[in-house]
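The values are calculated or read from the model by the stated rules, or taken from the named source; none is laboratory data. Since the structure is predicted, the reported quantities are computational estimates derived from the model, not experimental observations. Every residue, glycine among them, receives a Cβ derived from its backbone with ideal geometry; neighbour counts consider all protein chains shown.
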Amino acid sequence: MVPFKIAPHIALCHSFTEFTASFNVTADDLIVTNAFIDLGIQKAELTARVIFQEKYGAGEPSNQMVDQIFKEARKKPYRRVIAIGGGTVIDVAKLLTLGGEGNTIDYFDGHLPVEKARELIIIPTTCGTGSEVTNIAIMEIKEQHTKKGLANDALYADYAVLIPELLTSLPYKVFATSSIDALIHAVESFVAPGSGAITELFGVKAIETILAGYKKVVTNNRKLEKEWMGDFLLASTYAGIAFSNTGVGAVHAMSYPLGGVYHVPHGEANQQVFTAIFREYKKLQPEGKIEKLEQILSECLMVPAHTIWEVLDNLLEQILPKKPLHEYGMKKEEIEAFADSVIENQQRLLKNNYVPLSKEQMMEIYTALY
């Protein structure tokens, strides 16, 4: 038995200025964020140090990016890290709370203990990572051409603060990729071996909220309305609570080589393999949790359960059109190498599969999507 856990305190704030007043942000704090996010820092006249993540590298986090940020952050002591951003900012901030003076690989490869030395506050500005309530940091390890996850309770935030107004200027592509990621978190959590009544409660609520929101987005010709963003933000947190207790499985595992080698955004890479993997699950073990999942999806989308994966594919295609894998630059001869990489580097995730997948089955999925 694995006890259910929600580690961070979760707070809702109406504005960024309400947050700064409530949490007494001072010069001893280190804020990690992006320059394009309108935080109202100037209006709030904050004295905290600010590191803009994109100054040290574009895209999703890598060990090389974080090593540069370590050098900047360690120039002056700080008592608390405040992450304001999406998955990249949040994963970077988690590592900045650790003790020791090593580099990123030292922590990921176990050369240094993963021990928390500073308080962490996370304010998500996308609606997908769920990282504000998880103990996981994901990093591209450049030298290994893949992504790896570091899972340790030292990486939990002390506070997760939800401020819906920070999502109102979210670019559509970031909304699409992040919210699809949240949906997949909830779905993979639901069928994971560690899933139970409490994790299902959060996962199902996330699924229902995201799919209801997607119907509005499609009807509104993909134009986002600010009053919807609070719902997507909460759904992301619900999904984060679910998968922080159960883990995610093959969808995330098989997406990582695509993200690591060809820098496909995380949610987009997940979408590529999502329904193909669940169709394979259904083929291998048609009875069990997947039946219950299909019934939930059927009720959400108001279609017969036997059509659910086709209907879901069509809905997601309207949110974010899919491309064949070769359009990202992937080569056919890389299919076996990708499957090998998943087996070698992602056992932390593969143990959460609904049913085990062999190397040959993974290769068939990549080939069908190629």
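So that you can scan it fast, the table gives a plain yes or no per residue for (1) modelled with pLDDT of 95 or more; (2) in a helix (DSSP H, G or I); (3) in contact with a Cys (Cβ under 7 Å, 6 or more places away or on another chain):
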| site | (1), (2), (3) |
| --- | --- |
| VAL204 | yes, yes, no |
| ILE207 | yes, yes, yes |
| ILE210 | yes, yes, no |
| VAL218 | yes, yes, no |
| ASN221 | no, no, no |
| ALA239 | yes, yes, no |
| ARG279 | yes, yes, no |
| GLU287 | no, no, no |
| SER298 | yes, yes, no |
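For ALA235, indicate whether it is over 30 Å from SER15 (Cβ atoms), surrounded by 23 or more Cβ atoms within 10 Å (Cβ to Cβ) and at pLDDT 95 or above.
Judged against the criteria, ALA235 is not a match.
If the Cβ limit is 9 Å and pairs must be 6+ apart or interchain, which residue in segment 205-227 that is more than 15 Å from ILE180 (Cβ to Cβ) and surrounded by 14 or more Cβ atoms within 10 Å (Cβ to Cβ) pairs with which residue that is among the aliphatic types (A, V, I, L, M) and at pLDDT 95 or above?
LYS205/ALA186; LYS205/LEU234; LYS205/ALA235; LYS205/ALA239; LYS205/ALA242; GLU208/ALA235; GLU208/ILE296
Looking at (1) in contact with a helix residue (DSSP H, G or I) (Cβ under 6 Å, 6 or more places away or on another chain); (2) closer than 29 Å to PRO8 by Cβ, which is the only condition LEU258 fails?
Only one criterion is unmet by LEU258, namely (2).
Taking segment 174-204, which residues are of a type in the set (Val, Ile, Thr), over 23 Å from VAL89 (Cα atoms) and surrounded by 24 or more Cβ atoms within 10 Å (Cβ to Cβ)?
Once the filter is applied, which keeps residues that are of a type in the set (Val, Ile, Thr), over 23 Å from VAL89 (Cα atoms) and surrounded by 24 or more Cβ atoms within 10 Å (Cβ to Cβ), segment 174-204 yields only VAL187.
Kindly establish whether VAL311 is in contact with a helix residue (DSSP H, G or I) (Cβ under 8 Å, 6 or more places away or on another chain), at negative phi and not in a helix (DSSP H, G or I).
It is false that VAL311 is in contact with a helix residue (DSSP H, G or I) (Cβ under 8 Å, 6 or more places away or on another chain), at negative phi and not in a helix (DSSP H, G or I).
Determine, yes or no, whether GLY260 is assigned to a helix (DSSP H, G or I), touching a strand residue (DSSP E or B) at 6+ places or on another chain (Cβ under 7 Å) and either modelled with pLDDT under 95 or crowded, with 24+ Cβ neighbours inside 10 Å (or both).
Yes: the conditions hold for GLY260.
Return the residue satisfying two criteria in turn: it lies in segment 319-354 and is in contact (Cβ under 8 Å) with a residue 24 or more places away in the chain and β-branched (Val, Ile, Thr), and of such residues it is farthest from HIS145 (Cα to Cα).
This residue is ILE319.
Which one of these does ALA48 not meet: (1) touching a Leu at 6+ places or on another chain (Cβ under 9 Å); (2) crowded, with 24+ Cβ neighbours inside 10 Å; (3) of a type outside the set (S, T, N, Q); (4) closer than 29 Å to LYS226 by Cβ?
Failing condition for ALA48: (2).
Filter segment 117-169 down to the residues that are surrounded by fewer than 24 Cβ atoms within 10 Å (Cβ to Cβ), in contact with a Gly (Cβ under 9 Å, 6 or more places away or on another chain) and assigned to a loop (DSSP other than H, G, I, E, B) and list them by number.
ALA117, ARG118, HIS145
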